[in-house]
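Take a look at the structure set out below.
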Ligand SMILES: Nc1ncnc2c1ncn2[C@@H]1O[C@H](COP(=O)(O)OP(=O)(O)O)[C@@H](O)[C@H]1O
Ligand SMILES: [Mg+2]
């Protein structure tokens, strides 16, 4: 199977702090990869590196076969991204923002595509509300829609399900599982273990910037090891 993401000796430092230091990481087509780790362990920094939003201090990675050093713009063009904390521009309505993203991404049938997302995530009634006045959950829905509207083959989603109500969470989880079944790939960062256990095909555990475990979720389940126990044990040992 084909490697969609390939990391080799990727380092990001902020002053004296080494936020990310990944020797090797490979993610294949069709994986729903969950990157798990405590607060401050380097998940968001890893997502930013792999989506070409920040430059590594050392090393390189290939995403969809493209070097993050050589062509970060191409990577951002191709992939879908739900950033951890960024908000859509306060001065646009939900609908204007989604149209804007669709325009930048040069999509056809923009009206229809936006319509489908408003319907799917059940926020048609919020389309004319300014982004700054949307609830956190609705803003999260909008960020989800903007990440997937161009039908990417790879999406990076950083803590995407917090703030969503259970009904929408269910829909989104099913969407993600279906997305990888159809050949897409997801890089999903979270510290919510239950979600990872439920939907991910593979998990990685990151601590102090280092990947201390990567393996299929099936392995854990076969060994009847609860992800929580496994996670705490590994992070304590590291
Ligand atoms: N721009 C930055 N400047 C300085 N330190 C940063 C910056 N971004 C992240 N860090 C630090 O890097 C570490 C990893 O952060 P982050 O990747 O956000 O962790 P996580 O997403 O796992 O919670 C933390 O110690 C954080 O404080
Ligand atoms: Mg984070």
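Nothing in this text is a laboratory measurement; each read-out follows from the coordinates by a stated rule. Here the structure is a predicted model, which is why all the values come from computation and not from measurement. Every residue, glycine as well, gets a Cβ built from its backbone with ideal geometry; the counts of neighbours run over all protein chains shown.
Quick notes on this one:
- Rg and Dmax of region 80-151, Cα atoms only, in Å: 10.8, 29
- A crude spin-label estimate for the pair residue 233 and residue 192, with each label 7 Å from Cα along the Cβ direction, gives 2.6 nm.
- What separates the Cα centres of region 1-34 and region 108-166 is a distance of 27 Å.
- Fewest-first ordering of 91, 187 by other beta carbons within 10 Å of each residue's beta carbon gives 91, 187.
- The C-alpha atoms of the chain define a longest principal axis, and helix 94-104 lies at about 70 degrees to it.
- Rounded tilt (10° steps) of 110-120 against the dominant C-alpha axis of the chain: 70
- Ordered by the count of other Cβ atoms within 10 Å of each Cβ, fewest first, 224, 111, 8, 105 give 224, 111, 8, 105.
- As an equivalent ellipsoid, region 136-214 spans semi-axes of 21, 16, 12 angstrom, where each value is the square root of five times an eigenvalue of the C-alpha gyration tensor, largest first.
- Distance between region 85-103 and region 208-228 - C-alpha centres, whole angstrom: 37
- Scattering profile of region 106-238 at q = 0.10, 0.13 Å⁻¹ [log10 I(q)/I(0), Debye over alpha-carbon scatterers]: -0.40, -0.65
- Footprinting exposure proxy for 10, 193 (fewest neighbouring C-beta atoms within 10 Å first): 193, 10
- Relative contact order [Cα under 8 Å, 6+ residues apart], region 80-151, whole percent: 51
- Build a GNM of the chain with springs between Cα atoms under 10 Å apart, and of 73, 81, 217 the one that fluctuates most is 73.
- Taking all Cα-Cα distances within the chain, those exceeding 28 Å account for 31%.
- Annotation: extensible slack from residue 90 through residue 78 equals 1.8 nm (criterion: 0.36 nm per residue apart, minus Cα-Cα distance).
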